[in-house]
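Readers should treat all values here as calculations from the given coordinates under stated rules, not as data from a laboratory. A quick note: this is a predicted structure, and the numbers were derived from the prediction, not measured. Don't worry about glycine lacking a Cβ; one is built from the backbone with ideal geometry, like all the others, and counts go over all protein chains shown.
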Amino acid sequence: MAQKFKRSYRFAFYTSTYITLFLSLLILIYEYTVLSINWGSIGVFALSSFVFSFFIIQLRIEYFIYKRVKAVYDSVSLLDAETIGTKRVTSDMKTLTAEVEKFARDKKLEIETLKVRENYRKEFIGNISHELKTPLFTVQGYILTLLDGAIKDKKVRKKYLARASKGVDRLIYIVKDLDMITKLETGDLHLFKEDFDVVELIQSVFELLEMKAAKKDISLTFDAEYEPIHVNADMERIQQVLTNLIVNSIKYGKKDGTTEISLEFLKSNKLLIRITDNGEGIEKQHISRLFERFFRVDKSGSRKEGGSGLGLSIVKHIIEAHQEQVFVDSEYGIGSEFSFTLPLSNLDQSEVD
C-alpha cells in the first residue's frame, strides 16, 4: 500500500492512542473505585484526549523537525534555507532530501566541468609555452652567436640579424593574435558594422594572396560570376576571416589545386560564404577541435608553414561576435569546406525573396 499517511501522522496517531488508553484506564479505575462508572463521560473524555494529544504531538513533531532541518540549512551555507520557507517540515523531510539531491547533482556537474576546464588549461598552457619558446630560443641563439664574435663578420651579422628579426616578428604575430582573441572573448573588441560589397572584398583578398597561392600553383576562384552583394558587418574583421580561411586552404592544399568560393542566399536574410579546397582534408576525429587555440592537425607540418596556430580560433570568435555561425565539412584525402553566415544589408535582402 502506498504511503497513506505521513510518518509523523502515524506516529502521532499511535502515541495519542496509547495516551488516550492510559488516561481512560485511569479514569475507569477511579470511577470504579470511587464513583459509579459512566461510560458516556469516559467516551467523551477518551475522544477529547485523543484529538488533543494527536494535534499537540503532530504540531510539536513538525516544529521540532523544522528546527532541525533549518539548522542543517543554516550550517550548510551552500543550501538555500529560503526553499523551505515557513512551512512545516514533516519527518519525510522531502524538501531537505530534494535540495540535497539537487545540490549533489549540481556539484557533480560543476566538478566535471572544472575537470574539463583544467585539462583544457593544461593543454593550452603547454601549447602557448611551446609556441613562444620556439621563436624565443631562435632569437636568443642568433643573438648569442653574434655576441660570441660572429658580429665581426658583416655577412654573418646581417644574415643572423635578419633571422632574429623573423623570430621577433613571429612572437609579435602570436601576441597580437592572442590579444585579439582575449578582446573578442571579453567583449572589449568593438565591431564597426557597415554595408559593403563582400564580392569585392573577396576579390581583394584573392589579390593579396595571389603570390602565396602561386608558389603552390593553387588557383583562387569563384564558382560563378557574381553581381555585387552587400552585407552588414565589420569589413576589416571579415577580411581577416576570409584571409585566415583562404591561407589555410593554400597551406594544406595540394599542388595544382583549387580554392573556390561560393555564395548562397539563405531565406533568413543571410548570406552563406563557402571556401572549398581539394587539399589534404581533415580526419573526423580532429574536426571537433579545429577551432581550439593552437590546435594543429599536423603539428610538424603546420609549424613549417608558419602562422600563430590561432587563425581558426580567431575566425570562430569574429563570426560569433557577429552573432553568426561558422561550419566545417571535410573528408580526409579529398578536401575541406569552411563556411560562415553574414547578414545581408537592407540593399540586398530582396535577393532572398
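Using the number of other C-beta atoms within 10 angstrom as an exposure proxy, rank Lys159, Lys270, Lys152 with the fewest first.
Fewest-to-most Cβ neighbours within 10 Å comes out as Lys152, Lys159, Lys270.
If the convex hull of the alpha-carbon atoms of segment 193-352 is projected onto planes in all directions, what is the mean projected area in square nanometres?
8.9 nm²
Just want the answer: with Cβ charges of +1 for Lys and Arg and -1 for Asp and Glu, which residue in Ser249, Ile282, Thr259 is farthest toward the dipole's positive end in segment 229-297?
Toward the positive end, the furthest listed residue is Ile282.
Taking neighbour Cβ counts within 10 Å as the exposure measure, how do Glu260, Glu112, Glu200 sort from fewest upward?
Placing the least packed residue first, the sequence is Glu112, Glu200, Glu260.
Please compute P(r) over all alpha-carbon pairs of segment 134-287, binned at 10 Å starting from zero, and give each bin as a whole-number percent.
9, 25, 29, 22, 11, 4, 0
What is the fewest-to-most order of Asp329, Asp197 by other Cβ atoms lying within 10 Å of their Cβ?
The most exposed by this proxy come first: Asp329, Asp197.
Can you tell me how much longer the chain between Leu161 and Asn119 gets when fully stretched, taken as 0.36 nm per residue apart minus their C-alpha distance, in nm with one decimal?
Answer, rounded to one decimal: 11.2 nm.
If you place +1 on the Cβ of every Lys and Arg, -1 on the Cβ of every Asp and Glu, and leave all else neutral, what size is the dipole of segment 171-250 about its Cα centre, to the nearest 20 Debye?
Value, rounded to 20: 460 debye.
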